[in-house]
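J.: To start, I am sharing the structure in question, which I have written as structure tokens.
The values are calculated or read from the model by the stated rules, or taken from the named source; none is laboratory data. Here the structure is a predicted model, which means the values were calculated and not measured. So basically every Cβ, Gly included, is an ideal-geometry build from the backbone, and we count neighbours across all protein chains shown.
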Amino acid sequence: MNFTGSIPSHSTTVRSLRSALILAIALGMVTGCHKTASSKTAADSTAPAAAQLPPAPTATLVAEPLAVDLGQSVVLNWRTTNATDVTIDGLGSVSPNGTQTVSPSSSTNFHITAKGVGGTTEANIRVTVRVPVAPTVPADSSDSANGSNMGSETVFHENVQDIFFDYDSFELNAEGRASAIKAAAYLVAHPDIRVIIGGYCDDRGSAEYNLALGENRANSAKTALVNAGVATARIRVVSFGKEKQFCAEDTESCWQQNRRAQFSLDR
Amino acid sequence: MDSTPHTLRKRPAPFRPAFALLLLTLAALIARPIRAQDNIFTGTNSGVSSIRIAVADFKPVGSDAQTSEFKKTFDVTLYADLASAGIFDIVSKSLMPSGTPGSPSEIKLPLYASEPTNAAMVAFGALGEVGGKLIANGYLFDAKNQQYPQVIAKQYSEAPSEDSARQIAHRFADEIIFRLGGGTPGIAESKLYFVKMTGNVASNATKEIWEMDYDGANQHPITHLGTISISPRVSPDNTRLAFASLGKYGFQIKMYSLLLNRYMNFPTGNGSTESPAWSPNGNELAYAAAPNGSFEIWISDLNGTLGRRITSFRGGNVSPTFNPRSGAQIAFISDRTGLPQLYIMNSDGSGVQRLTDGGYVSSPSWSPNGQFLTFAWNRKYGPGAPGGQDIYLIQVSSGAQGGYNIVQLTHDGGRCDFPTWSPDGRHIAYANSSDGRADHMRIWTMLNDGTQRRPLTGFGADMPNWSWK
């Protein structure tokens, strides 16, 4: 039996009971708990059993933040005492105390093992990685009956969202690029979908020139999709200029809603 | 210090009226050079004072009940045609001698030649139904020439109808304008094509192409496509109408025969095509097309074949318009330097010149004599910028100093767009929305110096295009 381990900081409870049974429960809590342990408490609580042995190692492992989007990084921070050999799964042998920045590609349990003369201590931390999941095509019987595999309109619009443009511009901004990447991921996962990109402009300016601007906006969106792996042949571009207004108020928020590349299924 | 009491003595001095007068005179002197930019010679105010013309109500002939209605339409139309021609000083109705002379034997010219009428010319005549026909005898007499006063004597005969009465008045007016206006044909028989919007801008708007007489009468639809059709352009011979219409492949140019009342083929592929423009010989069409994703100016024949691209700048090149005099130049709008500006080039694409120096330019229209372009311009374009979009006129040939003369024709009236020249070059029709809302656009006409503005339509009318004759 392994008597080593770190004790949670609710140490008043632990101290008052001082029983091996409670200690075992406390040990059980260690694996799922990432609170900083106090070595003083650990030494006190294990004193009767471990009096003859060298002090057992302690190990704590924290991650900041605990949940990230795919591609973002996490800082791991660990502290050990009385350990001669510290390893973290996936990182190998590490120094007794340290930090490391990692970019996990999926949700990961980081596991630290601290070995010392007094025994072995382990600690865990789970980092959740939010990976955009390509939704599966619902087995829609009506679509199958039509011989098409376009998926539902609702799911399409959830994943392929309008791209909005800055004033008198047809270049994708950061938000637009993110929308395009998400849209492309869905379209790549659903190769049967053909898409129409409509280019729209706000109400100001000339009708004839805005048809050109709308065309350029739709083409910018198309280029972003093509660069992200969607076949050109699946995309059709239509400029509506300022002829199909989404709203008709003279406000910046309304103009913004009108300055867009809008995606729809090309059935 | 002795300067202090000096100043104190001066300060309470009253602001004398004489000084105010001096200030006003100074202000007037300063103001004059600013207005002096408006001295572009457009032919309307050419230094010769307008001919003073008296237009007598026509004498009814016969006792048909309808005649008085037709005569009323005729009188109103003739008066309005001559009043709006831009070359006459028309005698107001209250200064007219009493009576309706119906023939040369009934008119007493000295009454018209003397004060207060003081007319140089008199138009008069008789109108009535004779043998199932509406007959009008129209005369134009020189009031100061007692011996040989007759300038025009014309008889018109049409099927009796309200429309006939109006058309006869237009033809008689055009005859008078042609004779007295330096040989330039009148425009009373010309037409305007325009876009009529129905429904809500933000949801279910449809736009059809409509036609009306030059004075706003007789408004009726040409297309019934139930979609959005814009940019109507009538051919120089009035037989065809080209416009852009929203279909499966976006906006594409359609061709409609006004003689056959049906659509004709105009294939331009699957890409967007828009803003058509007729060459003055009627054999070619310039337009903006985006077969490769970027709008450029193209020219093709009337079958849509033999298309050739004449600009090559990525971005937007739209709204071409031929020099109607020569056909050798094209004005167009391009955003190659940022916001859309006005350019001219030779019709083979060479010799590109920019004519405007900033702001946001749209909708160029070339004057029939080839000397001027009119266009819509928002000089201080941008969010929160002052000023609006107004109609401007520019002299296409550069002046002695090498610059281009530019005149602003509308001021502070809301959003103005789509100016289009009348065939005689004396008028410009345009669309205006006083509050800027698209559904509040209506079509107006004015003389080419910006005066005599009057609306031709109600709300929801946009993009006028005046026929070539």
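J.: Hey, could you check the range A:233-254 for residues that are surrounded by fewer than 16 Cβ atoms within 10 Å (Cβ to Cβ) and of a type in the set (Asp, Glu) and say which is nearest to A:Arg217 (Cα to Cα)?
T.: Result: A:Glu252.
J.: Please enumerate the residues belonging to the range B:295-314 that are within 21 Å of A:Lys222 (Cα to Cα) and either buried (at least 19 other Cβ atoms within 10 Å of the Cβ) or not assigned by TED's automatic domain parsing to the domain that holds B:Glu274 (or both). Let's see the steps before the verdict.
T.: Within the range B:295-314, the subset within 21 Å of A:Lys222 (Cα to Cα) is B:295-296, B:313-314.
If the condition is that a residue be within 21 Å of A:Lys222 (Cα to Cα) and either buried (at least 19 other Cβ atoms within 10 Å of the Cβ) or not assigned by TED's automatic domain parsing to the domain that holds B:Glu274 (or both), then B:Phe295, B:Glu296 are the ones that fit.
J.: Which residues, counting only those in the range A:161-207, are within 14 Å of chain B (Cβ to nearest Cβ) and exposed (fewer than 15 other Cβ atoms within 10 Å of the Cβ)?
T.: Of everything in the range A:161-207, those that are within 14 Å of chain B (Cβ to nearest Cβ) and exposed (fewer than 15 other Cβ atoms within 10 Å of the Cβ) turn out to be A:Asp166, A:Tyr167, A:Ser169, A:Glu171.
J.: Name the one entry in A:Gly241, A:Gly229, A:Gly205, A:Gly176 that is on the phi > 0 side of the Ramachandran plot, within 26 Å of the chain's Cα centre (by Cα) and not aromatic (Phe, Trp, Tyr).
T.: Only one candidate qualifies: A:Gly229.
J.: Kindly provide the set of residues from the range B:259-303 that are within 14 Å of chain A (Cβ to nearest Cβ), more than 18 Å from B:Gly349 (Cα to Cα) and small (Gly, Ala, Ser), ordered by number.
T.: B:Gly269, B:Gly271, B:Ser272, B:Gly293, listed by residue number.
J.: In addition: Cβ-Cβ under 8 Å, sequence separation 6+ or interchain: first residue in the range A:73-84 and touching a residue at least 60 places away in the same chain (Cβ under 8 Å) and exposed (fewer than 14 other Cβ atoms within 10 Å of the Cβ), partner of a type in the set (A, V, I, L, M) and assigned to a strand (DSSP E or B). Which pairs?
T.: Matching pairs, first to second residue: none at all.
J.: With the requirement that a residue be within 14 Å of chain A (Cβ to nearest Cβ) and touching a residue at least 60 places away in the same chain (Cβ under 8 Å), what does the range B:229-248 give you?
T.: Restricting attention to the range B:229-248, the residues satisfying the condition of being within 14 Å of chain A (Cβ to nearest Cβ) are B:229-233, B:242-248.
Answer for the range B:229-248, where residues must be within 14 Å of chain A (Cβ to nearest Cβ) and touching a residue at least 60 places away in the same chain (Cβ under 8 Å): B:Ile230, B:Ser231, B:Pro232, B:Arg233.
J.: Is there a residue in the range B:433-444 that is crowded, with 17+ Cβ neighbours inside 10 Å and within 25 Å of B:Thr184 (Cβ to Cβ)?
T.: Among the residues of the range B:433-444, at least one is crowded, with 17+ Cβ neighbours inside 10 Å and within 25 Å of B:Thr184 (Cβ to Cβ), which makes the answer yes.
J.: With respect to the numbered conditions (1) at pLDDT 55 or above; (2) on the phi < 0 side of the Ramachandran plot; (3) part of a loop (DSSP other than H, G, I, E, B), which one is the sole condition not fulfilled by B:Gly99?
T.: That leaves (2) as the condition not met.
J.: Name the residues in the range B:407-452 that are away from chain A (no Cβ under 14 Å), assigned to a loop (DSSP other than H, G, I, E, B) and in contact (Cβ under 8 Å) with a residue 40 or more places away in the chain, would you? Let's see the steps before the verdict.
T.: Of the residues in the range B:407-452, the ones away from chain A (no Cβ under 14 Å) are B:407-413, B:421-429, B:432, B:442-452.
Subset that is assigned to a loop (DSSP other than H, G, I, E, B): B:409-413, B:422-426, B:448-452.
Listed by number, the residues that qualify are B:Leu409, B:Thr410, B:Ser422, B:Pro423, B:Asp424, B:Gly425, B:Arg426, B:Asn448, B:Asp449, B:Gly450, B:Gln452.
J.: Go through the range B:129-158 and report how many residues are outside any strand (DSSP E or B) and either closer than 14 Å to B:Phe74 by Cβ or under 30 Å from the mean Cα position of the chain (by Cα) (or both). Write out each step before concluding.
T.: Residues of the range B:129-158 outside any strand (DSSP E or B): B:131-132, B:143-149.
Checking the rest, the ones that are also either closer than 14 Å to B:Phe74 by Cβ or under 30 Å from the mean Cα position of the chain (by Cα) (or both) come to none.
Here the count works out to 0.
J.: For the range B:304-328, name all the residues that are in a loop (DSSP other than H, G, I, E, B) and either among the hydroxyl-bearing types (Ser, Thr, Tyr) or within 14 Å of chain A (Cβ to nearest Cβ) (or both).
T.: First pass over the range B:304-328, keeping only residues in a loop (DSSP other than H, G, I, E, B): B:304-307, B:310-315, B:323-328.
Within the range B:304-328, B:Thr305, B:Thr311, B:Ser312, B:Phe313, B:Arg314, B:Gly315, B:Ser326 meet the criteria.
J.: Give the residue that is nearest to the other protein chains (Cβ to nearest Cβ), with candidates limited to residues of the range A:211-247 that are part of a helix (DSSP H, G or I) and β-branched (Val, Ile, Thr).
T.: Of the range A:211-247, the ones part of a helix (DSSP H, G or I) are A:211-227, A:232-234.
Next, only the ones that are β-branched (Val, Ile, Thr) stay: A:223, A:226, A:232.
Working: A:Thr223: 9, A:Val226: 11, A:Thr232: 11 Å.
Among them, the one singled out is A:Thr223.
J.: Take the range B:329-338 and flag every residue that is surrounded by fewer than 17 Cβ atoms within 10 Å (Cβ to Cβ) and more than 9 Å from chain A (Cβ to nearest Cβ).
T.: B:Arg336, B:Thr337 - these are the residues of the range B:329-338 that are surrounded by fewer than 17 Cβ atoms within 10 Å (Cβ to Cβ) and more than 9 Å from chain A (Cβ to nearest Cβ).
Yes or no, residue by residue, for (1) modelled with pLDDT under 90; (2) not polar (S, T, N, Q):
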{"site": "B:Ser362", "(1), (2)": "no, no"}
{"site": "B:Gly370", "(1), (2)": "no, yes"}
{"site": "B:Phe375", "(1), (2)": "no, yes"}
{"site": "B:Leu393", "(1), (2)": "no, yes"}
{"site": "B:Ala400", "(1), (2)": "yes, yes"}
{"site": "B:Gly403", "(1), (2)": "yes, yes"}
{"site": "B:Leu409", "(1), (2)": "no, yes"}
{"site": "B:Ser422", "(1), (2)": "no, no"}
{"site": "B:Ala431", "(1), (2)": "no, yes"}
